[in-house]
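A.B. asks: I'd like to ask you about the structure that follows.
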Amino acid sequence: MLSAVAEAHGTANMRMTSRLSPPPLPMLPQVFQERNRTRQRLVLLIMQGKKTGIIKSLNVEGEKGRVKARNGKSEKLSDLLSMAEAESESETRKKVEVLEGMKRVVRELQVDEGVKRREAACNVRLLCKEDAKARVTLSMVGAIPPLVGMLDLEDFECQIDALYALLNLGIGNDVNKAAIVKAGAVHKMLKIIESPNAANPSVSEAIVANFLGLSALDLNKPIIGSSGAVPFLVNSLKDLDRKNGSQAKQDALRALYNLSISPSNISFILETDLITFLMGFAGRYGSK
């Protein structure tokens, strides 16, 4: 009787235990079991390392290495920045020196002494010959008005130097071309043509070259055409006195072509014998 009660009680306890305890976990594949064991071993090693101070020293050494690497990079960056600043300062000094030199040249254009003015005009001519930036800078610092003013001098050498300086200032620069005409260069050049200095071929050739350059700007075409320059250019092309070289004749013809683009200049061209001359010239060479 007692044994049966005990057996029934034990069975009931087993059933209650089976209800309270969670179901057994399914067996993991072998790969996952190995991975879990590896993780456990790593955790144990890290805990032991922290206790012994090994991990701390490794962290310190690693941090030092990272600091050194950062310091090395920052030092290289600092060197590059220093080099860039040094180059920038050097370029700035050069630009300032060039600007001051151009300002000095412009001041010399305005002195009373003829020799210095001629030298200054020659410097402008050389500076502008192949340097577009120099043309802009010299115009900005005021080189055009004193050069145009030099055309009033009686010394034909001063006139020639000023004319070629103005010619180079206008190369590829429409702003300078307009400024030269606005400063009164066209009328001053025509005044030179009427003076005794016009007999010098170098003077007339320099004026023809300037008319060619200035006439390339549409804004200047009506001004030059109405100024009385057309007859001078036609005479330079015909060159009855045989004074002009082939370059001057070509420049005169090209200048007349530029002026003919403006409708307002057609009447000025037709008033000359340019068409008759060109027809005769073409007939002579055509018959050959």
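Values in this text are rule-based calculations from the coordinates and carry no lab data. Keep in mind that this is a model prediction, so the values were computed, not measured. Positions of Cβ are backbone-derived with ideal geometry, glycine not excepted, and every protein chain shown enters the neighbour counts.
A.B. asks: Could you please find all residues in the stretch 272-284 being under 16 Å from S236 (Cα atoms) and exposed (fewer than 12 other Cβ atoms within 10 Å of the Cβ)?
C.D. replies: I275, T276
A.B. asks: Looking only at the stretch 161-171, decide whether some residue is out of contact with any Cys (no Cβ under 9 Å at 6 or more places or on another chain) and acidic (D, E).
C.D. replies: No, there is no match, as no residue in the stretch 161-171 is out of contact with any Cys (no Cβ under 9 Å at 6 or more places or on another chain) and acidic (D, E).
A.B. asks: Testing S227 on (1) closer than 25 Å to G149 by Cβ; (2) exposed (fewer than 12 other Cβ atoms within 10 Å of the Cβ), one condition comes back false. Which one is that?
C.D. replies: (2)
A.B. asks: If you go through the stretch 188-208 one residue at a time, how many are closer than 16 Å to L147 by Cα and buried (at least 16 other Cβ atoms within 10 Å of the Cβ)?
C.D. replies: Residues in the stretch 188-208 being closer than 16 Å to L147 by Cα and buried (at least 16 other Cβ atoms within 10 Å of the Cβ): 7 in total.
A.B. asks: Something else now. Taking the stretch 137-154, which residues are without any contact (Cβ under 8 Å) to a residue 40 or more places away in the chain and assigned to a helix (DSSP H, G or I)?
C.D. replies: Result: T137, L138, M140, I144, P145, L147, G149, D152.
A.B. asks: Name the pairs: first residue in the stretch 196-221 and free of Cβ contacts under 8 Å to residues at least 24 places away in the same chain, second residue in a helix (DSSP H, G or I) and not hydrophobic (A, V, I, L, M, F, W, C), Cβ to Cβ under 9 Å, at least 6 apart or on different chains?
C.D. replies: Filtered contacts from the stretch 196-221: A198/S204.
A.B. asks: All but one of (1) over 17 Å from L167 (Cα atoms); (2) of a type in the set (A, V, I, L, M, F, W, C); (3) in contact (Cβ under 8 Å) with a residue 24 or more places away in the chain hold for I275; which doesn't?
C.D. replies: Condition (3) is where I275 drops out.
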